[in-house]
Amino acid sequence: MAERVCPGQTQQLSHFVSTSPWPTAPLEQVLRKTSDALVGGQDAVLIVDDTALPKQGKHSVGVKRQHCGVLGKQANCQVLVSLTLAQQEVPVPIALRPYLPKDWAQDKARRAQAKVPESISFGTKGDIALAQIDIALANNVRFGTVLADAGYGSSAEFRAGLTQRGLRWAVGVQPTQKVYPADVELSVLAHPGAGRPAKYPRPSTPSVPLVQMIDMLARRHCGAVRGAAAPKACSVRTLWPCGCALLTAPWYRMGSIFLARLHGWCAKRAPAASANITSPTTRPTRRAGL
């Protein structure tokens, strides 16, 4: 970069990038507008992801032993939450924010040594992603759907945040996610007269892992013979109470399941006989959705 921008001034460029205080917001705004002009539109997707930077030391901002996607294991690394605007085969990164673990956020000495601004506090990766999505929306970045893997899709708060913003989304969830049928009924137990009252209503149907629910749906939709395995080529499209669609295919056994909230798709393409599902990520309320 130095040879291209300022030949022979490597030290000055390094000082400017790493030490000199300068506002990044104007540059990032230009980046978002340029990216939108290149690939923005209703056919574009906004991809939420994170990337890890393996580190050996312990003084870099946010570094700790955590999941490192680059290495595929727990390792000492920094994690950056990213937004990428893409259309067809052209991706353009538009946001990159460091994830500050809670122990880092609460350690004043470490923060001071690494010069972490006081304005930066702990936030989950989903919170960071939603904040960057808000900035992209405020800058009129155009996209039709938000995509994310199970690292984000497994968070009910993240999915709810996307829905509250009126966005279409398609995210991964873990097969171990516990779910209820949408017709689950909740009953409030009468106070026994002694001891503590029940804290939560009791569901009429126990929760089951999502992958188990999908197997049952696959047998129903594909007409599998009782006691036999469902056809491997079978796909299941299920309408969720919240307006989401559960899309599964043979690859759902590979580790995550595809959950989507696509306006109009559910009403037009979801089979009438689809079973509805409710997630107990938070305690269910009557007819609550995922």
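The values are calculated or read from the model by the stated rules, or taken from the named source; none is laboratory data. What you see is a predicted model; the values in this text were computed from it and never measured. All Cβ positions, even for glycine, are placed from backbone atoms using ideal geometry, and neighbour counts span all protein chains on display.
Considering only residues in region 94-120 that are among the aliphatic types (A, V, I, L, M) and surrounded by 16 or more Cβ atoms within 10 Å (Cβ to Cβ), the one that is farthest from the chain's Cα centre (by Cα) turns out to be VAL116. Exactly one residue out of LEU38, LEU46 is assigned by TED's automatic domain parsing to the domain that holds ARG110, outside any helix (DSSP H, G or I) and of a type in the set (A, V, I, L, M, F, W, C): that is LEU46. Within region 152-194, being of a type in the set (Gly, Ala, Ser), assigned to a loop (DSSP other than H, G, I, E, B) and at pLDDT 80 or above holds for SER154, SER155, GLY166.
Here is the figure for region 159-204: residues that are within 30 Å of VAL48 (Cα to Cα), among the aliphatic types (A, V, I, L, M) and free of Cβ contacts under 8 Å to residues at least 24 places away in the same chain total 1. Restricting region 134-151 to residues that are assigned to a helix (DSSP H, G or I) and of a type outside the set (Val, Ile, Thr) leaves a set whose member that is nearest to ILE214 (Cα to Cα) is ALA150. Residues that are surrounded by 17 or more Cβ atoms within 10 Å (Cβ to Cβ) and touching a Gly at 6+ places or on another chain (Cβ under 8 Å) were ranked within region 121-132; the one that is farthest from LEU53 (Cα to Cα) is LEU130.
Has region 57-64 got any residue that is assigned by TED's automatic domain parsing to the domain that holds ILE135, part of a helix (DSSP H, G or I) and either in contact with a Phe, Trp or Tyr (Cβ under 7 Å, 6 or more places away or on another chain) or loosely packed, with under 12 Cβ neighbours inside 10 Å (or both)? The answer is no; no qualifying residue exists.
If you go through region 22-35 and keep only what is assigned to a loop (DSSP other than H, G, I, E, B) and either out of contact with any helix residue (DSSP H, G or I) (no Cβ under 8 Å at 6 or more places or on another chain) or among the polar types (S, T, N, Q) (or both), you end up with PRO23, THR24. When region 1-43 is filtered for residues that are modelled with pLDDT of 85 or more and charged (D, E, K, R), the ones remaining, listed by number, are GLU28, ARG32, LYS33, ASP36, ASP43. Scanning region 66-93 for residues that are more than 21 Å from ILE133 (Cα to Cα) and under 21 Å from the mean Cα position of the chain (by Cα) returns GLN66, HIS67, CYS68, GLY69, VAL70, LEU71, GLY72, LYS73, GLN74, CYS77, GLN78.
What do you reckon, is LEU53 in contact (Cβ under 8 Å) with a residue 60 or more places away in the chain and surrounded by 11 or more Cβ atoms within 10 Å (Cβ to Cβ)? No, not satisfied. Among residues that are among the β-branched types (Val, Ile, Thr), outside the structural domain of ILE47 (by TED's automatic domain parsing) and touching a strand residue (DSSP E or B) at 6+ places or on another chain (Cβ under 8 Å), THR84 is not included.
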